[in-house]
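Presented below is the structure to which this report refers.
The values are calculated or read from the model by the stated rules, or taken from the named source; none is laboratory data. Since this is a predicted model, take the numbers as computed values, not measurements. A quick note on method: Cβ atoms are made from the backbone with ideal geometry, for glycine too, and the neighbour counts reach across all protein chains shown.
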């Protein structure tokens, strides 16, 4: 009886944990936590509301150290530049709170961004609050919102994260083009491939 009672008491916590860490933000959802203040590599605070531009917002969960992020870096720069040119705001979020005092510190983020020539926001996601709200689990993992702030695409940048030479479809770029043309996104979701977000245990 005691074991059953303990299990019942733990169930709500398990349900919450399951939602925050595994269930992705449903398509059609509004941008969550738009007012959360995020420390950017510039040293200033930014919010997703601040980053939103005329034609929408691209949020990408990323980091400094994941081999998949590093392997995809040229593609990351290309798609972020493309989005920015199309008046879509760009925010890269580093949610690796468990490594915040070492490889994912703000200083390390600044060094990484400088080396990669970032020209957009790259900010700390304190206590994984946005990763939990988005249901993000991987780096890299992207969420594209249209000009009304509605989620229209979630997943990977393209269909071959492990090999740029084998890419047959650029999911995110196609989603951007379709959204800007006023069309419904044809491929709304794909599987993110990468390293797990290092949340606080």
- Could we say that residue 136 is touching a strand residue (DSSP E or B) at 6+ places or on another chain (Cβ under 9 Å) and either free of Cβ contacts under 8 Å to residues at least 40 places away in the same chain or assigned to a loop (DSSP other than H, G, I, E, B) (or both) here? yes
- Out of all the residues in segment 59-68, is one or more at pLDDT below 95 and part of a loop (DSSP other than H, G, I, E, B)? no
- Yes/no for residue 178 being modelled with pLDDT of 95 or more, more than 28 Å from residue 112 (Cα to Cα), in a helix (DSSP H, G or I) and in contact with a strand residue (DSSP E or B) (Cβ under 9 Å, 6 or more places away or on another chain): yes
- Under 7 Å by Cβ, and 6 or more places apart or on different chains, what pairs join a residue from segment 33-56 that is in contact (Cβ under 8 Å) with a residue 12 or more places away in the chain with one that is surrounded by fewer than 16 Cβ atoms within 10 Å (Cβ to Cβ) and in a strand (DSSP E or B)? 38/45; 39/45
- Residues being assigned to a helix (DSSP H, G or I), in contact (Cβ under 8 Å) with a residue 24 or more places away in the chain and over 10 Å from residue 55 (Cα atoms): count how many of those fall in segment 71-89. 10
- Restricting attention to segment 141-160, does a residue exist that is surrounded by fewer than 19 Cβ atoms within 10 Å (Cβ to Cβ) and under 19 Å from residue 76 (Cα atoms)? yes
- When residues of segment 115-130 are limited to those that are touching a residue at least 12 places away in the same chain (Cβ under 8 Å) and part of a helix (DSSP H, G or I), the one farthest from the chain's Cα centre (by Cα): 116
- Based on what the data block shows, is residue 20 surrounded by 12 or more Cβ atoms within 10 Å (Cβ to Cβ) and either touching a strand residue (DSSP E or B) at 6+ places or on another chain (Cβ under 6 Å) or at pLDDT below 95 (or both)? yes
